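The values are calculated or read from the model by the stated rules, or taken from the named source; none is laboratory data. What you see is a predicted model; the values in this text were computed from it and never measured. Heads up, the Cβs are rebuilt from the backbone with ideal geometry, glycines too, and the neighbour counts pull from every protein chain shown. Quick note on the areas: whole protein, heavy atoms, side chains included, nothing else; ligands and nucleic acids left out. Shrake-Rupley method; radii C 1.70, N 1.55, O 1.52, S 1.80 Å.
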Amino acid sequence: MKPMHKALITSMFTLFISSTTLHSEIISAEKDNTTRTADCLKLIDTKILPFDKTYKDTKVGGLSGITYDPKNDKWLLISDDRLEHNPARFYEADIDYNSNEFKVVKFNGVHKLKQPNGRDYINKEQYKNDDDNIVADPESIRFDPHTNEILYTSEGDRSLGLNPFIRKATEDGKYSTEIPVKDTIKMDKQNKKGFRNNQAIEGSTFSQDGNTLWTSMEGPLIQDGQKPTPESGALSRITQYNREGNILSEFAYPLDAIPKKPGKNKQADNGITEILAINDHEFLTLERASVQAEDGSFSNYVRIYKIDVSKGTDIKDINSLKETNAKPLNKTLVADLNEQDIGKVDNIEGMTFGKKLPNGNDSLVLTADNNFNETQQSQIIAFEVKPEKK
């Protein structure tokens, strides 16, 4: 055989082996994505950030969302500060842990979120005299698995006439595009439909393949019925959008009743604070109830559930759940955080899958929003995800 022919055959064989290996790796990765489960959690560790913590002239607090990019080992946390302390922003962080404890929690970047006009978002007082800029109430943040962008949500504000929004931004916070929200979410002038104040789009997650986006409403829409009470639960909505903002499906989510009665003339609520895709049809939901006692103090009750949308009734064309017998999703309790040894159960709002642990199991990381209140804690909590209950 001539040397040139031999070299050509060797190259083709090498290319065939490489292609076969790559194909196997892709199949393996797809299998890993579709077979991921999350049936119970084991606490790894809790990290409490100091109340007076600052980073690059910003007050670290209001951490309402967290996301992790396994490709680049990168973490982001978003603050729901509405320019009461500093501009709307998100942080980059180095978060490292093993199966037993946190090793590092360190902030290493901060980026302001920008409006479509390139300016910072403004606060409520400024908005009263400014028609060209709006107030943002950032709640959830996600890496876009298909681009080098991030996605974030804002709850809106009925008192200011601002609807919730879903926006994408570059990695340094500059506005990229907006995904239009469903009309049933938007407010009306008669106050008979749309989101309730501070009960709007609180959670978001990309599907496992990254082709669609799911959002969760913290509480019921006005036209869907009453909010949860200590005596009864309520129905919220989980919505699937394609990347252009078209509604693909929607499901009724059954919120728990508030687990304890508040003090006389005090507050209490319960809602979904985050949603997270497990695989192509299962999701984790983070449900948090907050109950005010007679002395004005608050206690939080936090549960993580698993839902399966393949077994749900699509309600995307139903404007009011009071006018239908649509069956809500079933949910399975994965963890009651009040039964975990995490210390104080605070205002937990963010949830993301983290890095793989040495034993091959997934990790789940939560974050708590301290509301910039000295009596509350900014917490970062790591769990090992157990695929099967033992």
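Looking at this structure, is Lys47 modelled with pLDDT of 95 or more, open to solvent by 60 Å² or more (accessible area, probe 1.4 Å) and under 23 Å from the mean Cα position of the chain (by Cα)? Taking the combined requirement at face value, the residue satisfies it. Note on region 362-390: residues that are surrounded by fewer than 16 Cβ atoms within 10 Å (Cβ to Cβ), over 19 Å from Asn300 (Cβ atoms) and polar (S, T, N, Q) total 0.
One residue alone among Tyr91, Tyr121, Tyr152 is of a type outside the set (A, V, I, L, M, F, W, C), at pLDDT 95 or above and over 15 Å from Leu77 (Cβ atoms), and that residue is Tyr121. Residues that are of a type in the set (Asp, Glu) and more than 23 Å from Ser64 (Cα to Cα) within region 263-313 comprise Asp280, Glu294, Asp295, Asp308, listed in sequence order. Just a yes or no: is a residue in region 242-252 loosely packed, with under 15 Cβ neighbours inside 10 Å, in contact (Cβ under 8 Å) with a residue 60 or more places away in the chain and farther than 26 Å from Tyr152 by Cβ? Within region 242-252, not a single residue is loosely packed, with under 15 Cβ neighbours inside 10 Å, in contact (Cβ under 8 Å) with a residue 60 or more places away in the chain and farther than 26 Å from Tyr152 by Cβ. In summary, strands (runs of 3 or more DSSP E) completely within region 61-130 and bearing 1 or more residues that are charged (D, E, K, R) and within 26 Å of Ser207 (Cα to Cα) occur at 63-69, 74-79, 89-97. Among the residues of region 209-226, those that are surrounded by fewer than 19 Cβ atoms within 10 Å (Cβ to Cβ) and either out of contact with any Lys or Arg (no Cβ under 8 Å at 6 or more places or on another chain) or over 19 Å from Ile278 (Cβ atoms) (or both) comprise Asp209, Gly210, Gln223, Gly225, Gln226. Residues satisfying the criterion are absent from region 77-88 (criterion: touching a residue at least 12 places away in the same chain (Cβ under 8 Å) and farther than 24 Å from Ala136 by Cα). Is one or more of the residues making up region 291-307 out of contact with any Leu (no Cβ under 9 Å at 6 or more places or on another chain), of a type outside the set (Ser, Thr, Tyr), within 16 Å of Trp214 (Cα to Cα) and in a loop (DSSP other than H, G, I, E, B)? Within region 291-307, none of the residues are out of contact with any Leu (no Cβ under 9 Å at 6 or more places or on another chain), of a type outside the set (Ser, Thr, Tyr), within 16 Å of Trp214 (Cα to Cα) and in a loop (DSSP other than H, G, I, E, B).
Taken over region 309-332, residues that are out of contact with any Lys or Arg (no Cβ under 6 Å at 6 or more places or on another chain) and surrounded by fewer than 16 Cβ atoms within 10 Å (Cβ to Cβ) amount to 14.
Give all pairs with beta carbons closer than 6 Å in which a residue from region 326-348 that is in a strand (DSSP E or B) meets a residue that is among the aliphatic types (A, V, I, L, M); count only pairs at least 6 apart in sequence or on separate chains. The qualifying pairs are Lys331/Ile307; Val334/Ile304; Ala335/Leu41; Ala335/Ile304; Ile348/Val302; Ile348/Leu366; Ile348/Ala368. The set of residues from region 52-111 being surrounded by fewer than 16 Cβ atoms within 10 Å (Cβ to Cβ) and either touching a helix residue (DSSP H, G or I) at 6+ places or on another chain (Cβ under 8 Å) or of a type in the set (Val, Ile, Thr) (or both) comprises Thr54, Val104.
Ser297 satisfies every condition listed in (1) touching a residue at least 40 places away in the same chain (Cβ under 8 Å); (2) closer than 27 Å to Ser207 by Cβ; (3) surrounded by fewer than 16 Cβ atoms within 10 Å (Cβ to Cβ); (4) not charged (D, E, K, R) except (2). The lone criterion from (1) of a type outside the set (Asp, Glu); (2) surrounded by fewer than 20 Cβ atoms within 10 Å (Cβ to Cβ); (3) closer than 20 Å to Gly219 by Cα left unmet by Gln340 is number (3). Tell me, please, whether a residue that is over 18 Å from the mean Cα position of the chain (by Cα), at positive phi and crowded, with 19+ Cβ neighbours inside 10 Å can be found in region 187-202. The answer is yes; a qualifying residue exists.
Taking into account only those residues within region 275-290 that are polar (S, T, N, Q) and part of a strand (DSSP E or B), which is most open to solvent (accessible area, probe 1.4 Å)? So the residue we want is Ser290.
Going through (1) within 30 Å of Asn148 (Cα to Cα); (2) assigned to a loop (DSSP other than H, G, I, E, B); (3) at pLDDT 95 or above one by one, Thr37 falls short only on (3).
Condition check for Ser232 on (1) surrounded by fewer than 18 Cβ atoms within 10 Å (Cβ to Cβ); (2) over 21 Å from Arg142 (Cβ atoms); (3) in contact with a Pro (Cβ under 8 Å, 6 or more places away or on another chain): one failure, at (3).
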